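S.K.: What follows is a single structure, and I will ask about it in a moment.
The values are calculated or read from the model by the stated rules, or taken from the named source; none is laboratory data. Since this is a predicted model, take the numbers as computed values, not measurements. Don't worry about glycine lacking a Cβ; one is built from the backbone with ideal geometry, like all the others, and counts go over all protein chains shown.
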Amino acid sequence: MTHPAQPKASHFINGEYVEDTAGTPIPVIYAATGEQIATVHAATPAIVEQALSTAKAAQKEWAKMTGTERGRVLRRAADIMRARNHDLSVLETYDTGKPLQETLVADATSGADALEYFGGLAASLTGEHIPLGEDWVYTKREPLGMCVGIGAWNYPTQIACWKGAPALACGNSMVFKPSETTPLCALKVAEILIEAGAPAGVFNVVQGMGEVGGALVTDPRVDKVSLTGSVPTGKKVYAAAAAGMKHVTMELGGKSPLIIFDDADVDNAVGGAINGNFYSSGQVCSNGTRVFVQKGIKEKFLARLAERTGNAIIGDPMDEATSFGPMVTENQMNIVLGYIEKGKAEGARLICGGNRADKDGYFIEPTVFADVTDDMTIAREEIFGPVMSVLDFDSEEEVVARANDTEFGLSAGVFTKDFTRAHRVIGNLEAGSCFINSYNDAPVEAPFGGVKASGVGRENSKEAIKHFSQVKSVYVRMGDVEAAF
Ligand code: NDP
């Protein structure tokens with residue numbers, strides 16, 4: 001019998017599901033059991049061409065609609081997503097392995113927030129009138145044209161919506177390529193947009209590996225590329241986009257610092273460290289994986305952290321009591337286990353976890369290392385798994401310098417009751433998305449994105465509008481034209 005996660009076809013183009021079985025088969029594996037639950041096919045050149053020519057043609061008519069009309073479509077899509085939250089969350093769990101306890105509140109709901117927020121903004125995208133004596137200039141905010149979205153595997157619904165909603169609100173069309181690891185959820189987003197009244201071809205989904213992403217990024221008809229992925233992929237995609245002078249948004253990886261001062265509330269700081277390391281089994285780009293703890297609070301912090309980490313319920317992601325799921329793939333599990341071995345070999349002190357969990361599927365225990373030093377591999381490289389490194393520090397000046405000593409700059413957090421210090425420290429940290437006495441909140445109203453190697457541009461908030469539109473200025477002369485000859 002066909003598994004309920006199996007989509008009708010691999011791609012969604014011009015308002016309908018499309019199949020081309022000549023494309024390389026991509027098995028969809030449920031991470032909690034290792035069983036294959038679906039198959040899709042990578043896009044062939046013919047499918048890529050169909051998606052691009054469709055999106056190119058659909059964009060012009062979509063841009064002619066008023067912002068109010070476009071916004072209405074997005075807001076209807078948000079309503080449909082919320083009404084189907086349970087089914088979409090189950091699908092997200094099949095796609096990623098993340099526990100239903102999380103997906104019920106963080107995925108389709110966050111996607112719906114983006115559709116609703118950008119739907120609400122669509123009608124407000126106006127220009128300026130700039131008086132110049134009798135003459136004047138007016139500006140218009142125009143769409144970029146056809147956009148390509150490329151997603152990572154950790155938040156397949158959210159990423160499709162975080163890219164699709166602002167793109168469509170501004171009057172662009174989009175061809176979206178999910179990660180080959182999680183191909184299912186974006187198809188539902190495309191289906192729902194059509195149901196909500198989006199014209200066919202405005203939002204399309206094609207499957208495939210990096211090769212398909214490469215074909216999309218290098219096509220001369222594409223005006224903008226928005227990628228969520230790793231830094232090495234980001235560098236490749238950015239370079240390819242630059243060759244065609246395309247706009248880009250790059251949401252890339254991180255190795256973010258979370259700084260806990262002696263005066264912090266211990267339970268809140270532990271809660272922040274748990275949210276910043278173990279949510280989605282640690283597969284979150286903004287995670288605060290370098291937890292700097294001031295020496296006076298260190299042992300208290302570690303004891304409480306170990307105690308609370310021991311309360312994680314590791315198991316069947318479809319059971320709503322489960323609070324900790326598997327890694328997305330066997331490969332990702334092996335990468336993370338390799339980092340754990342490096343942590344042990346390089347002399348970090350294992351506080352808890354450190355092993356593959358004794359279950360089917362790709363489970364790793366939530367792992368905490370203490371006495372980590374700045375030069376250890378686990379303190380320098382993005383692990384993208386449930387491995388927290390706790391580092392000691394003495395002074396504010398020292399910790400800020402050490403926190404900034406990385407190529408990454410996505411996020412940063414600070415826990416302290418001293419508000420002057422909190423703002424001063426955050427002001428001195430090189431990161432795009434920061435937190436004070438909290439960690440990993442990502443409301444659609446707030447800009448999200450990194451500095452340094454962690455990326456270019458911002459998603460969410462009014463900032464995203466700037467990255468999916470461009471300004472045209474028009475000089476209007478009322479009198480005669482003066483010319484030299
Ligand atoms: P990858 O960089 O491996 O892949 C990202 C996407 O790019 C995938 O869809 C991939 O396809 C595609 N791709 C790979 N090569 C190319 C290419 N040459 N041209 C075009 N597209 C290409 O990232 P992961 O999927 O492994 O995701 C994990 C990474 O994403 C982590 O580094 C994480 O930090 C980052 N991330 C960043 C976020 C942010 O907002 N800043 C949020 C979430 C994750 P395929 O996988 O099918 O080969």
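S.K.: When both residues are 6+ apart or on different chains and their Cβ atoms are under 9 Å apart, which pairs have a first residue that lies in the range 54-80 and is in contact (Cβ under 8 Å) with a residue 40 or more places away in the chain, and a second that is surrounded by fewer than 16 Cβ atoms within 10 Å (Cβ to Cβ) and charged (D, E, K, R)?
M.R.: Taking only residues 6 or more apart or on different chains, the pairs are Ala55/Arg221; Lys56/Arg221; Arg76/Glu195; Ala77/Glu195; Ile80/Glu195.
S.K.: Name the single residue, out of those in the range 114-154 being of a type in the set (Phe, Trp, Tyr) and more than 16 Å from the ligand (Cβ to nearest atom), that is nearest to Val205 (Cα to Cα).
M.R.: Applying the filter and picking the extreme gives Phe118.
S.K.: Also: So which residues in the range 448-483 are exposed (fewer than 15 other Cβ atoms within 10 Å of the Cβ) and assigned to a loop (DSSP other than H, G, I, E, B), if there are any at all?
M.R.: Arg477, Met478, Gly479, Asp480, Val481, Glu482, Ala483
S.K.: Also: Could you run through the range 225-262 and say how many residues are away from the ligand (no atom under 12 Å from the Cβ) and surrounded by fewer than 24 Cβ atoms within 10 Å (Cβ to Cβ)?
M.R.: The total comes to 8.
S.K.: Go through the range 1-77 and tell me which strands (runs of 3 or more DSSP E), entirely inside it, have 1 or more residues that are touching a Gly at 6+ places or on another chain (Cβ under 9 Å).
M.R.: 11-13, 25-30, 35-41
S.K.: Identify the single condition in (1) at pLDDT 95 or above; (2) out of contact with any Lys or Arg (no Cβ under 6 Å at 6 or more places or on another chain) that Val206 does not satisfy, given that it satisfies every other one.
M.R.: (2)
S.K.: Kindly indicate the residue of the range 203-215 that is within 7 Å of the ligand (Cβ to nearest atom) and crowded, with 18+ Cβ neighbours inside 10 Å and also farthest from the chain's Cα centre (by Cα) among those meeting that condition.
M.R.: For the range 203-215, the residue satisfying everything is Gly208.
S.K.: Scanning for something among the aliphatic types (A, V, I, L, M), farther than 26 Å from Leu91 by Cα and away from the ligand (no atom under 16 Å from the Cβ), does the range 326-338 turn up at least one residue?
M.R.: Yes, the conditions are met somewhere in the range 326-338.
S.K.: Out of everything in the range 263-283 that is within 16 Å of the ligand (Cβ to nearest atom) and not in a loop (DSSP other than H, G, I, E, B), what residue ends up being farthest from Ala160 (Cα to Cα)?
M.R.: Going through the qualifying residues, I end up with Asn275.
S.K.: Taking Tyr94 as meeting all but one of (1) outside any helix (DSSP H, G or I); (2) of a type in the set (Ser, Thr, Tyr); (3) touching a strand residue (DSSP E or B) at 6+ places or on another chain (Cβ under 6 Å), write down the number of the exception.
M.R.: It is condition (1) that Tyr94 fails.
S.K.: While we're here: Just to be sure before I move on: is Glu195 more than 10 Å from the ligand (Cβ to nearest atom) and either of a type in the set (Asp, Glu) or buried (at least 24 other Cβ atoms within 10 Å of the Cβ) (or both) in the structure I sent?
M.R.: When the stated conditions are applied, Glu195 passes them.
S.K.: For the range 343-423, please list each of the strands (runs of 3 or more DSSP E) lying entirely inside it that holds at least 1 residues being surrounded by 23 or more Cβ atoms within 10 Å (Cβ to Cβ).
M.R.: 367-370, 387-393, 411-415
S.K.: Tally time: how many residues in the range 309-341 are surrounded by 16 or more Cβ atoms within 10 Å (Cβ to Cβ) and assigned to a helix (DSSP H, G or I)?
M.R.: Residues in the range 309-341 being surrounded by 16 or more Cβ atoms within 10 Å (Cβ to Cβ) and assigned to a helix (DSSP H, G or I): 7 in total.
S.K.: Of everything in the range 91-121 that's crowded, with 24+ Cβ neighbours inside 10 Å and of a type in the set (Val, Ile, Thr), which residue is nearest to Ile364 (Cα to Cα)?
M.R.: By that ranking, first place goes to Thr96.
S.K.: Within the range 354-395, restricting attention to residues that are of a type in the set (Gly, Ala, Ser), in contact with a helix residue (DSSP H, G or I) (Cβ under 8 Å, 6 or more places away or on another chain) and touching a residue at least 40 places away in the same chain (Cβ under 8 Å), which residue is nearest to the ligand (Cβ to nearest atom)?
M.R.: Within the range 354-395, the match that is nearest to the ligand (Cβ to nearest atom) is Gly385.
S.K.: Answer yes or no: is there a residue in the range 162-178 that is more than 26 Å from Ala123 (Cβ to Cβ), within 15 Å of the ligand (Cβ to nearest atom) and crowded, with 24+ Cβ neighbours inside 10 Å.
M.R.: Checked the range 162-178: at least one residue is more than 26 Å from Ala123 (Cβ to Cβ), within 15 Å of the ligand (Cβ to nearest atom) and crowded, with 24+ Cβ neighbours inside 10 Å.
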